[in-house]
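Reading through the structure tokens given below for one structure.
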Amino acid sequence: MLRRLRALAISFIVFAFFIVEIPAAQATTSWTPPLEISAPLTDSNAPQVVSDSSGNFITLFQNKVGSNFEIRSSYSTDFGTTWSAPATISSGTSAVNPNIISVGPRAFVAVWNQNDGTTTRVASAKTTDNGVTWSSPVYISIAGQNTRAADIAFDGQNSLGVVWTRQLSGFTYSTTASGSSDLGTTWATPQDLTSTTPGSISPQIASTGTGSFVAMWHRLTSPVGVQSSSTTNSGTTWSAPTLASDAAVASSYPQLVSTSSNKVVATWLQDISSVNVLSSSISLNNGATWSTPVRISNPSSTSTAAQLIRTANGTLVSVWYQNIGSGDQILSSRSVNDGAAWSAPTLVSSQTACYIPQIAADSSSTLTVAWLCGQSPNSVISVSTSTDNASSWAQPTALTQSPLFGDFVSLAVSPAGDTTAAWQMNYSGQLYKVYSSSYIVSVVPPQPQPNTLPPTGVNSSLEHFAIWLLASGVVFLGVRRISRKKTLPTC
């Protein structure tokens, strides 16, 4: 009888261990319901989400602590189905404006603005385990210099380029850059790319090859336009500024992507008869010279907040918002010849009052655009996709519902097409929180959880019976006796 009880108990335990597991995260046919990433009862905003080549996601955001902010990180290994508890990665008095880039599987480098007690400097940290742990922050910018938001680029090897706005005094700014040849462990001495006299804002950066980067910014003083500078030695030295835009036409707010070695395409807004027209230009020599700008948007009304991306099949896609008569809408245009010519604008959104688009693409060149639709306190986050190189767009999907005020959306797509949008959300003037929603095309293998007991059902009954047998000592006696009889062979 005792032998039968022992065998029965072991069978129950083995059976319970096999059936108690977290179900697989299944591929979805719709976006998941909004999921809070930030910790409860905290004031968090300005999220930035990114994915690596394996579909791991990290979201950085600002979290308010008293009257200051800190940078927090949360990671997901199941395509945004669940997120880790947020962890603080910044130090100093206060930290804002996070930005992050993937530099390999489970490896990411983050930059932000951090107050060292005297001035606000550009700081950086990196993780090689998908955000489980982070290196201690290091300062990139020089002590005693105030800075604003930084942009970062990766060359696909070991080098990073960073460019930021340096506050000289009052509302006078310059553009400063640095680089790293060891994935952010050390950084080159920062170099001012503009003189101390003119003002410049909105810096952007892109890699054009191993150790090579092109930086671009908006020059505020005459001639008002877009300038560029480049480095071929991981940011150790930078070229003298080049005026990329037409000297006779005020231009602003550049975006740029690399299309091949030393070749880069940029877009910016040209002021034509007091209307901002989205235009593009090409450089074939690492930003040394630029082609005559080509118009992308319709000059009938102002274009704003343009974003630019290059897909895996080489198509360039730009998105922006523009008033087309019925109100502000999200529009797109594509180029299949590296920016030499662009398609007529295509409507992405289906409602008016749409702003601030973000765009991302997977390895099959499927495109996703996310944007803010409506105005506070009734704005929502909407998304749409295109599978034909931005020739057409699917009916938009709303990820949030009024009266939840969605804002500051960020978007990331894995090579396989798993997509996560992250945004800040406010309800009736309460604290801001960071939420996410995901469109999952991959399947996460089930993760066994032997210590997790279901609260009800047959499984629970089986486990309770097994536990009773354990408590009675029957199983332990049986195991002890079996272990004495069995001898494992040596290797």
Net charge of neighbours whose Cβ lies under 15 Å from the Cβ of THR289, counting Lys and Arg as +1 and Asp and Glu as -1: 0
Using a simple charge model, +1 on the beta-carbon of Lys and Arg, -1 on the beta-carbon of Asp and Glu, nothing else, what dipole does the range 26-441 show about its Cα centre, in debye to the nearest 20? 360 debye
In Å and from the alpha-carbon atoms only, list the Rg and Dmax of the range 153-298. 14.6, 48
Total formal charge among the other residues, if their Cβ is under 14 angstrom from that of CYS373, Lys/Arg +1 and Asp/Glu -1: -2
Extension reserve of the SER301-PHE171 stretch, reckoned as 0.36 nm per residue once the Cα distance is removed: 43.9 nm
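If we count other beta carbons within 10 Å of each Cβ, what is the order of SER102, SER228, fewest first? Could you put the intermediate results ahead of the total?
Working: SER102 20, SER228 28.
Arranged by neighbour count, lowest to highest, SER102, SER228 become SER102, SER228.
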Among the aspartates and glutamates, select those whose C-alpha is under 17 Å from the C-alpha of LYS126, and discard any that sit fewer than 8 residues away in the same chain. ASP52, GLU70, ASP151, ASP155, ASP182
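In what order do VAL162, VAL275 fall by count of nearby beta-carbon atoms within 10 Å, going from fewest to most?
VAL275, VAL162
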The alpha-carbon pair-distance distribution computed for the range 26-441, with 20 angstrom bins and whole-percent values, is 28, 63, 10
Counted neighbours (other Cβ, 10 Å), sorted fewest up, put PHE57, PHE171 in the order PHE171, PHE57
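Since every read-out is calculated from the coordinates, none of them should be taken as a lab result. None of the values given here were measured: they were computed from a predicted structure. In this analysis, Cβ positions are derived from the backbone assuming ideal geometry, glycine residues included, and neighbour counts consider all displayed protein chains.
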